[in-house]
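Below you'll find the structure, written out as structure tokens, and then a few comments.
The values are calculated or read from the model by the stated rules, or taken from the named source; none is laboratory data. Keep in mind that this is a model prediction, so the values were computed, not measured. Positions of Cβ are generated from backbone atoms using ideal geometry, with glycine treated the same way; all protein chains shown enter the neighbour counts. The protein model used for the area step is the full one, side chains on, heavy atoms only, and it has no ligands, DNA or RNA in it. Shrake-Rupley method; radii C 1.70, N 1.55, O 1.52, S 1.80 Å.
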Amino acid sequence: MGAALGAVLSDAGHEVVWASEGRSDATALRAASFAGAGTVAELMRRCDTILSVCPPHAALDVARTCATFDGVYVDANAIAPATARAVGDAVPRAAFVDGGIVGGPGDVRLYLSGDAAPRVAPLFEGTRVATFVLSDRIGDASTLKMLYAAWTKGSAALLLAVRGVARASGLEDELVSAWDDTIQGLTAQSEHAARSAAAKGWRWEFEMEEIAATFADAGLPDGFHRAAAEMFRRAAED
């Protein structure tokens, strides 16, 4: 997703710079059209805006490497609002913008919140990334992302769990037959969930933990999404 957003910004005429030090060959291939800064320190020197798009468990560590940055820092990761505020605290000299990405690389909606959010939205003007400035409150964009993924990925985890019990009970064929007769498309949806979880479960596990924290902070039960995190962890291991 980071490479996809970078490509959009590059096509819009912005110079896109990435920190190549310590990154994999696969990452380098995705970033081949961007300017290489080498280190994060050099990236901070050359850029006025940093866009952080990484697995959720790494968001805070990435921000800490940018602690001295004094430009606009956009965290667009799948993290709880409390985590977003901690990320903002990790970049005290920056104008911090809370972000949330909804959709895939080909159809992206970027939600923004915070005092500096109106400075970020124009970067994507005229591109296929639809941007929405929600408010001046840090945490609003992250909350919306959490709520969206609570259903899209949470329901996928529920399907994995249901088919897992059916398989363990020796009734998977019967369940699939019942689905096919009564709920159009659910079998295909469950199979898509299994494929996605196998490839991305290692990342979605932590996203579910962030969603659980969001629910708990709102005074609502967090158990379902903690169970969803476990389902994705098992899917990645399998």
Worksheet item: What pairs can you find where one residue is in segment 16-31 and under 16 Å from residue 62 (Cβ atoms), the other is among the basic types (Lys, Arg), and their Cβ atoms are less than 6 Å apart, with a gap of 6+ or different chains?
Response: 17/46
Worksheet, complete the sentence: Of the conditions (1) touching a residue at least 40 places away in the same chain (Cβ under 8 Å); (2) within 11 Å of residue 150 (Cα to Cα); (3) open to solvent by less than 30 Å² (accessible area, probe 1.4 Å); (4) of a type outside the set (D, E, K, R), the single one that residue 212 does not satisfy is (1)
Fill in: Failed criterion for residue 172 (all others in (1) out of contact with any Phe, Trp or Tyr (no Cβ under 9 Å at 6 or more places or on another chain); (2) more than 23 Å from residue 238 (Cβ to Cβ) hold)
(2)
Discussion item. I need every pair where a residue in segment 227-238 that is farther than 9 Å from residue 201 by Cβ and outside any helix (DSSP H, G or I) has its Cβ under 9 Å from the Cβ of a residue that is among the hydrophobic types (A, V, I, L, M, F, W, C) and open to solvent by 60 Å² or more (accessible area, probe 1.4 Å), sequence separation at least 6 or different chains.
Written reply: none
Discussion item. Criterion first (among the hydrophobic types (A, V, I, L, M, F, W, C), part of a helix (DSSP H, G or I) and either closer than 15 Å to residue 238 by Cβ or open to solvent by 40 Å² or more (accessible area, probe 1.4 Å) (or both)) does residue 165 satisfy it?
Written reply: yes
Discussion item. Considering only segment 160-174, I want to know if a residue exists there that is under 17 Å from residue 4 (Cβ atoms) and in contact (Cβ under 8 Å) with a residue 60 or more places away in the chain.
Written reply: no
Worksheet, complete the sentence: Of the candidates 68, 49, the one satisfying the condition of being over 15 Å from residue 116 (Cβ atoms) and open to solvent by 30 Å² or more (accessible area, probe 1.4 Å) is 68
Worksheet item: Restricting attention to segment 13-46, which residues are in contact with a helix residue (DSSP H, G or I) (Cβ under 7 Å, 6 or more places away or on another chain) and either assigned to a loop (DSSP other than H, G, I, E, B) or open to solvent by less than 30 Å² (accessible area, probe 1.4 Å) (or both)?
Response: 14, 16, 17, 19, 20, 31, 33, 34, 37
